[in-house]
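See below for the structure under consideration.
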Amino acid sequence: MWWTRGRDGLYAKSRHVDVLSDKLLAGHPADREAPTQGDDQREAPSGGERARHASVMLEFRLALRPDRAPRALLLGAHCDDIELGCGGTILELSRRHPDLTVHWIVLSSTPERAREAERSADRFLAALRSKEVVIERFRDGHFPYEGSRVKEYVETLKARLDPDLVFTHYRDDWHQDHRLVGEITWQTFRDHLILEYEIPKYDPDGGSPNVFVHLDEVIAEAKVSHLLEAYASQASRPWFTRDTMLALMRLRGVQARAARYAEGFHARKVVLGGA
Ligand SMILES: [Zn+2]
């Protein structure tokens, strides 16, 4: 990664083609300060690199609020959904924004899976000081049939939280619990940027994400190892494997012109700010 100075500060630019990562990760004023260590101090691009990046897709970047640290709300119907859907992005956000506040809300669990989910969240949020992990007990598989209770619960989140970013389930997910959470998110958070994540599973419902976050191999491997180590209860599931997780990230990486991996999201509504 190198750094280049724009009119309003010093911006991060990926060695590879970033589509959303700079939007998500370099929008906060803290990211406009000079880097102090690690990859962020690498050399400016060579002439060859500049030529290769001459046609880089124009990037969006988040206009995060200047008066406070960024806040993200993560909603998952079941234990492991958040990690599978946006675990790499959370790790990357945490790396870039150690002042990020994360509210990690899982809506259903069993006692065993709740313990696993708490351990998993600890791993994914290890770099952050400000975090909240809540594991609820709505009935797995029955969210649409107790939808009013789920909706009222999410309304309480809106009343006490004010996230900048909301990560939630893909609204066209075939799983009834996932789909309901996606729908309720849009019903509840109406002044927020919402990104819907995808879950690899039995249902062929992945759709075509339209927003991507590039992930380097370290982040992608960390996501997979955290999941496999935290969720022993899922080890017997044929799809809960390293190759499934890496395959989806690799495919999204190809689609996002990433060096290797990416996570894909559905953004139904995005506001393009002024230049
Ligand atoms: Zn799920």
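Quick notes
- Filter result (part of a loop (DSSP other than H, G, I, E, B) and either out of contact with any Ser or Thr (no Cβ under 8 Å at 6 or more places or on another chain) or within 11 Å of the ligand (Cβ to nearest atom) (or both)) within region 67-83: 67, 68, 77, 78, 79, 80
- All positions within region 190-206 that are free of Cβ contacts under 8 Å to residues at least 60 places away in the same chain and either surrounded by 20 or more Cβ atoms within 10 Å (Cβ to Cβ) or within 16 Å of the ligand (Cβ to nearest atom) (or both): 201, 202, 203, 204, 205, 206
- Condition check for residue 126: in the same structural domain as residue 178 (by TED's automatic domain parsing), out of contact with any Cys (no Cβ under 8 Å at 6 or more places or on another chain), surrounded by fewer than 18 Cβ atoms within 10 Å (Cβ to Cβ) and closer than 20 Å to residue 194 by Cα: no
- Candidate set from region 240-267 (those that are within 19 Å of residue 82 (Cα to Cα) and of a type in the set (Lys, Arg)); member that is surrounded by the fewest Cβ atoms within 10 Å (Cβ to Cβ): 242
- As a summary of the residue check, residue 82 satisfies the conditions (1) modelled with pLDDT of 95 or more; (2) out of contact with any strand residue (DSSP E or B) (no Cβ under 9 Å at 6 or more places or on another chain); (3) closer than 26 Å to residue 207 by Cβ except for the one numbered (2).
- Being within 16 Å of the ligand (Cβ to nearest atom), of a type in the set (D, E, K, R), under 20 Å from residue 197 (Cβ atoms) and in contact with a Phe, Trp or Tyr (Cβ under 8 Å, 6 or more places away or on another chain) is a property that residue 132 lacks.
- Answer residue from region 208-239, given it is touching a residue at least 12 places away in the same chain (Cβ under 8 Å) and within 16 Å of the ligand (Cβ to nearest atom) and is surrounded by the fewest Cβ atoms within 10 Å (Cβ to Cβ) among those: 239
- Conditions (1) modelled with pLDDT of 95 or more; (2) over 28 Å from residue 57 (Cβ atoms): number failed by residue 203: (1)
- Residue in region 114-122 that is assigned by TED's automatic domain parsing to the domain that holds residue 225, loosely packed, with under 14 Cβ neighbours inside 10 Å and not charged (D, E, K, R) present: no
- Just one of the numbered conditions (1) within 27 Å of residue 270 (Cβ to Cβ); (2) in a loop (DSSP other than H, G, I, E, B) is not true of residue 141: (1).
- Residues of region 85-113 that are buried (at least 24 other Cβ atoms within 10 Å of the Cβ) and within 14 Å of the ligand (Cβ to nearest atom): 85, 86, 87, 106, 107.
- Note on region 142-157: residues that are away from the ligand (no atom under 15 Å from the Cβ) and either farther than 30 Å from residue 99 by Cβ or surrounded by 18 or more Cβ atoms within 10 Å (Cβ to Cβ) (or both) amount to 9.
- The set of residues from region 51-85 being among the hydrophobic types (A, V, I, L, M, F, W, C) and in contact with a helix residue (DSSP H, G or I) (Cβ under 9 Å, 6 or more places away or on another chain) comprises 60, 62, 64, 69, 72, 73, 74, 75, 77, 79, 82, 84.
- So residue 250, is it in contact with a His (Cβ under 9 Å, 6 or more places away or on another chain) and farther than 25 Å from residue 64 by Cα: no
- Restricting region 167-188 to residues that are aromatic (Phe, Trp, Tyr) and surrounded by fewer than 22 Cβ atoms within 10 Å (Cβ to Cβ), the residue that is farthest from the ligand (Cβ to nearest atom): 186
The values are calculated or read from the model by the stated rules, or taken from the named source; none is laboratory data. What you are looking at is a predicted structure, and each value in this text was computed from that prediction instead of being measured. Please note: Cβ atoms are built from the backbone with ideal geometry, for glycine as well, and neighbour counts cover all protein chains shown.
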